[in-house]
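Structure first, commentary second.
The values are calculated or read from the model by the stated rules, or taken from the named source; none is laboratory data. It should be emphasised that the depicted structure is a prediction, and the values quoted were computed from it without experimental measurement. Heads up, the Cβs are rebuilt from the backbone with ideal geometry, glycines too, and the neighbour counts pull from every protein chain shown. The protein model used for the area step is the full one, side chains on, heavy atoms only, and it has no ligands, DNA or RNA in it. Shrake-Rupley method; radii C 1.70, N 1.55, O 1.52, S 1.80 Å.
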Amino acid sequence: MEWIRATELAKIKGVSDRSVRKLVTSGKYIGRKICQRYEVLVSSIEQEWQDEVNKLYSTEISTENFNTPISEKSKKRALTKFDIVMKWRAFCVNYKGKKVDAIKEFVSVYNNMPNKNNQYENINNIAISTIMRWDRTLKENADNWKVLAPKYKSQPNKDKFSEKEKETVLKILLSPNQPNIGKAIKLTKHLLLQQGVTNLACEMTYRRFISKYKQEHYDMWIFAREGAKALRDKVIPYIERDILKLNVGDVLIGDGHRLAFEVINPFTGKPCRPTIAAYQDWKSGAMVGFEVMLEENTQCIASALRNSIIALGKYPKFVYQDNGKAYKADYFTADDDISGLFIKLGITPIFAKPYNAKAKPIERFFREMQDSFERILPSFVGSCIDNKPAYKKRNERFHKEIHNNYIPTMDEVINYITRWMVNFHYAQPCPNVEGLSIGEVFDAGKGNGIDISTLDDLMMVNVIKNIGRNGIRFLKSDYYHESLYGLRTQVVIKYSLFDLSYIKVFTMSGEFLCTAERLAPIHPLANYTGEAKDVEELKQRIKQQKELEKQTVKQYLRELKKEKVYLPALNEADNVIYKPSIEDKKLLIESLKEDEIQPEKIVFHNKYERYDYLKNKPDLSEDEQKWVDNYKKSTEYKLLYGVED
C-alpha cells in the first residue's frame, strides 16, 4: 500500500486526526490533500508504523486470481477497468471539493462522453458504487489489474443436462444431412419425452453444450457433417510453397474456365458461353497463352500450349495442369516418342489431384479475370444464379430496357482478352516478387525464342493406320494420294490439330511416303443440280480411276515380260484395249510350248469398258453400232462423258 488516509493512520497510532495533519503540515510526513481529505505516504512515516500499516493492509494476496488463465477478451476488459480507476484517481488529486462530489462529477462526465476512447475495450456506463468497488479491489491487491478480470466459472449441472440428452442431440447433429441446430434440439426433446425422460434442460443449455463441443471437436464436427474434403480444406494444416525457388518458365499451370459472358456461336449464330484454356507462369503469375473455343477439348488445350511456348520463348520444364479427361488425352501423355507430345517436347507433366482447386494458383487468376474483365462486358451473364446481373432476373423491365444487347464474336473476344492481358494484367504487382510487376518479372525470364515450324512439326500427332481402298480413313474422312494406290500395309500418319486438311504419311520404318489430302464427297447429281466445281471434281475423279487402272495393266505387262509368261487373253488375234508391243508379242510366242491356244471371248464387267473397246475398233458390226448408239443416249454416258460425241 503506497498511500494511507490520515484518519486511518491516526487510528493505528492511537492519536487524533489533527495530530497526523500537523505532522504533515510540519513536513515530518509527506502528505497530499485529495477532496478535502489528507493522505500520508506510507514510506515517510516511522518504520515501526510502516510495519503496522503493511501488516494491516498488505495482507497475503491470493495467487488464485493471478494463476488462472485469462482469455484475451477478459484481459482487455480488466485493463479497461484499470485505466478507468487510474483516471479517476488522477481526477481526484486535482479536485477542489468533497470526494463524494468528485466521484459524482467524474461518473457523470464519463457516462455522457459520446466516445469513451478506451484503449482496450469500450465500457459505456458505470455507476458510483462500481468504480468504488474496483478501486477498493485494486488497493487490496496491490493495484494488480488481473483481479478486475471477469471470473466466469463454468459449473455444469449434470442433473439438469444428462448424458442421455448429450448423446441424443449429438447423434442427430453429427449427420451428413447437416440438420439445423434449433430443429435438432426440438427433435431431441420430443424423442426424450416419448421415452419418459423428464426434467430436460432449457434450449440455451443445449446451445452452450453444442457450441462448446464444436470448439473442442471441430474436426469431428466438420468431418461428420461436411465430409473428408471439407476436413482437408478447413481443418487439416495446409502446406505453404516457396515460389521464389522457381524461375520464369520452369512450370506452367494449365486449366480451363467457362467464361461468364456470351459470344456469338460461329456455327449457329446463337449466343453461348465459351471456354478458355490458359497457361500461367508460376513464378511471375502471368497468363502466358490461351485459346478460346466453344468447348474444352484436346485441340483447344494444344493450341493454348502452343501459344504459351511461343510467348515464353522456350520450352517449359514442367506442366502442372488439371486432371480432366482432355488434359490426360493420349495426344499429350502417351509414353512413347511417336505419339506423346510431352515426351517429344521434353516436358514433364504433373496432374493435380481431383477436386483440389487450392493446389492450382491459376484458379485465383480466373477469379481475378472474372472480376476485372468479364464483368465489364455487356454480355456478362454470371457464372451461377447468385451472381447473374439484374437484367437476367425476373421482372427487371427497367434494366432490360437500358441494357446494351451487344454480343461479341469469337475473334473479338480473343482480341479483348489479349489487350486486357497486356495492358492491365501484366501491370499488376507480382504476387511472388515484391516491388516488380507481373510483366516485368515475366519479361526478365523469357527465352530467346523458338523455331515455330519445328514446334508445329513436333506437335503433330503420330498415329498408326491401315491403308484402304480410298487411302487412309481418319476422323470420319478419307485422305488419299496416288502414292498409296496398291498398298495395304500399316503406315504412320502425322497430323496437326490446327490444320486437318492434310496428313503426312510415313512407313513403319520412318520413311516419308506422301502428303495425303482430305477427299471431299462428290455431289450425288453433279451433272444435273451441281455447280461447275462439282462437275469438274467428278470428271477428275473418274479420270483418276482410269489412269490408275491403266497403271496397273502396264505394271502387269512388265511383270509378264520379266517372267516370260504366256496369257491367251493377250493373243495378237484379240482386239483388247491395251495391245502388247511387237517385242511383247515375240516374247509371248516364244513362250508357247504347245500349239497355239485359241483365245477366249472378251468379257466386259461394265458398259463403259465395252464402249471404250468398241470406240477404238475400226469396223463395227450392225449390232455393235446399234449398241453404241443406244449407250450414248443413256444417263451413264452423260455422267461420264458429258455430251454426245
What do you get for the angle between helix 47-57 and the principal long axis of the chain? Use alpha-carbon atoms, 0 to 90 degrees, nearest ten.
60
SER129 to VAL109: extension gain in nm, 0.36 nm per residue of separation minus the Cα-Cα distance?
5.6 nm
Positive-pole candidate from THR418, ASN387, TYR641, dipole of the chain, charges at beta carbon:
ASN387
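For a Förster distance of 45 Å, can you work out the FRET efficiency between the beta-carbons of SER372 and TYR218, rounded to the nearest 0.05?
Efficiency for this residue pair is about 0.80.
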Label-point separation in nm, THR333 to ILE30, each point 7 Å along Cα→Cβ
8.3
Give, rounded to the nearest 20 debye, the magnitude of the charge dipole that the chain has about its Cα centre when Lys and Arg contribute +1 at Cβ and Asp and Glu contribute -1 at Cβ.
5680
Radius of gyration, Dmax [segment 355-413; alpha carbons; angstrom]
14.4, 43
Under-5 Å amide H pairs with GLY313, H placed in peptide plane, nonlocal only:
GLY447
If ligands, DNA and RNA are left out, what is the accessible area of HIS257 with a 1.4 Å probe, given in Å² to the nearest 10?
30
Helix 99-111 against the longest principal axis of the chain: what's the angle in degrees, Cα atoms only, rounded to the nearest 10?
20
Assigning unit charges at the beta carbon (Lys, Arg +1; Asp, Glu -1) and nothing else, what dipole magnitude in debye, to the nearest 20, does segment 366-524 show about its Cα centre?
900
Which label in (1) 285; (2) 378; (3) 230 gives the computed volume of the Cα convex hull per residue in Å³:
(2)
What pairs in LYS22/LYS104; LYS328/LYS388; LYS245/LYS325; LYS325/LYS393; LYS189/LYS214 have C-alpha atoms more than 25 Å from each other?
LYS22/LYS104; LYS328/LYS388; LYS245/LYS325; LYS325/LYS393
Round to the nearest 0.05 the FRET efficiency obtained for TRP3 and LYS146 when R0 = 22 Å and r is the Cβ-Cβ distance.
0.55
Sorting ALA326, GLN545, ALA10 by the position of each Cα along the dipole of the chain (Lys, Arg +1; Asp, Glu -1; all at Cβ), the one nearest the positive end of that ordering is ALA10
At 1.4 Å probe size, with no ligands or nucleic acids counted, give the accessible surface of SER634 in Å², nearest ten.
30
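At a Förster distance of 25 Å, what's the computed FRET efficiency of CYS384 paired with ASN265, Cβ-Cβ distance as r, to 0.05? It would help to have the intermediate numbers written out before the result.
Working: r = 21 Å, r/R0 = 0.86.
The computed FRET efficiency comes out at 0.70.
Enter the accessible area per residue of the chain (Å², integer; probe 1.4 Å; all protein chains in place). Mind showing how you got there, number by number?
Working: 40750 Å² over 645 residues.
Roughly 63 Å² per residue, with all protein chains present.
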Take the residue pairs LYS317/LYS504; LYS87/LYS139; LYS76/LYS212; LYS314/LYS353 and return only those whose Cα atoms are more than 20 Å apart.
LYS317/LYS504; LYS76/LYS212; LYS314/LYS353
Leaving ligands, DNA and RNA out of it, rank LEU252, LEU23, LEU525 by accessible area with a 1.4 Å probe, largest first.
LEU525, LEU23, LEU252
Any idea how far apart GLN178 and GLU203 come out in nm if each label point goes 7 Å out from Cα toward Cβ?
2.2
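Quick one: which of LYS360/LYS446; LYS476/LYS543; LYS146/LYS234; LYS75/LYS229; LYS229/LYS476 span more than 31 angstrom between C-alpha atoms?
Too far apart for the 31 Å limit: LYS146/LYS234; LYS75/LYS229; LYS229/LYS476.
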The helix 181-194 Cα axis meets the longest alpha-carbon principal axis of the chain at an angle in degrees, between 0 and 90 and rounded to 10, of 80
Within segment 290-388: Cβ-based charge dipole about Cα centre, in debye rounded to nearest 20 (Lys, Arg +1; Asp, Glu -1)
320
Modelling each spin label as a point 7 Å along the Cα-to-Cβ direction, I'd like the VAL93/LEU187 distance in nm, to one decimal.
6.4
Dipole axis of the chain (+1 Lys, Arg; -1 Asp, Glu on Cβ), positive-most option in ILE309, TYR213, SER437:
TYR213
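Sort PHE106, PHE398 from largest to smallest accessible area, using a 1.4 Å probe on the heavy atoms of the protein chains.
Details: PHE106 25, PHE398 130 Å².
Correct descending sequence by accessible area is PHE398, PHE106.
Once fully extended, how much extra length lies between GLU511 and SER16, figured as 0.36 nm per residue of separation less the alpha-carbon to alpha-carbon distance?
Values: separation 495, 0.36 × 495 = 178.20 nm, distance 12.55 nm.
That pair, GLU511 and SER16, stretches by 165.7 nm at full extension.
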